[in-house]
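Below is one structure, written out as structure tokens, with a few remarks after it.
The values are calculated or read from the model by the stated rules, or taken from the named source; none is laboratory data. This is a predicted model, so every value here is computed, not measured. We place every Cβ from the backbone using ideal geometry, glycine too, and count neighbours over all the protein chains shown. For accessibility, only protein heavy atoms count, side chains too; no ligands or nucleic acids. Shrake-Rupley method; radii C 1.70, N 1.55, O 1.52, S 1.80 Å.
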Amino acid sequence: MERYLTKVDGWDHSAHRRIARSFRFPDFVGALEFANRVGDIAETEGHHPDLLVAWGRVEVTIWTHKVDGLTESDFILAAKIDQLAATG
């Protein structure tokens, strides 16, 4: 999985068997809209991250529950979320 970590810059891997990233927004509405768009991606992929929505930020934590660890699909989802964040 180490080779995939280099492909998802900005994601923290310090939590054992998980990757996480915090995304910042100017207000709660922006954070909520982003979280909903992440939810749309998750539904399409059939792979659902944990989301924490707070004023001005969304924290995303990804891992595969079935293996209690990371798989290639976790990194694919992270890359898609990064792309969403980059395109606004």
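Structure notes:
- Whole-number percent relative contact order across region 1-61, with pairs defined as alpha carbons under 8 Å at least 6 apart: 36 percent
- Stretch gain in nm, segment residue 36-residue 15, where the contour uses 0.36 nm per residue and the Cα spacing is subtracted: 5.1 nm
- The stretch between residue 65 and residue 86, if pulled fully straight at 0.36 nm per residue, gains 4.9 nm over its current Cα-Cα span.
- Solvent-accessible heavy-atom area per residue, rounded to whole Å², over the chain at 1.4 Å: 61 Å²
- Rounded to the nearest 10 degrees, the angle from helix 72-87 to the longest Cα principal axis of the chain is 20 degrees.
- Over the chain: helical MRE at 222 nm, DSSP H runs n ≥ 4 each giving -39500 (n - 2.57), nearest 500: -13500 deg cm²/dmol
- With respect to the chain, whose longest principal axis is taken over its alpha-carbon atoms, helix 28-45 is tilted by about 40°.
- Taking other residues whose beta carbon is less than 12 angstrom from the beta carbon of residue 82, and scoring Lys, Arg as +1 and Asp, Glu as -1, yields +2.
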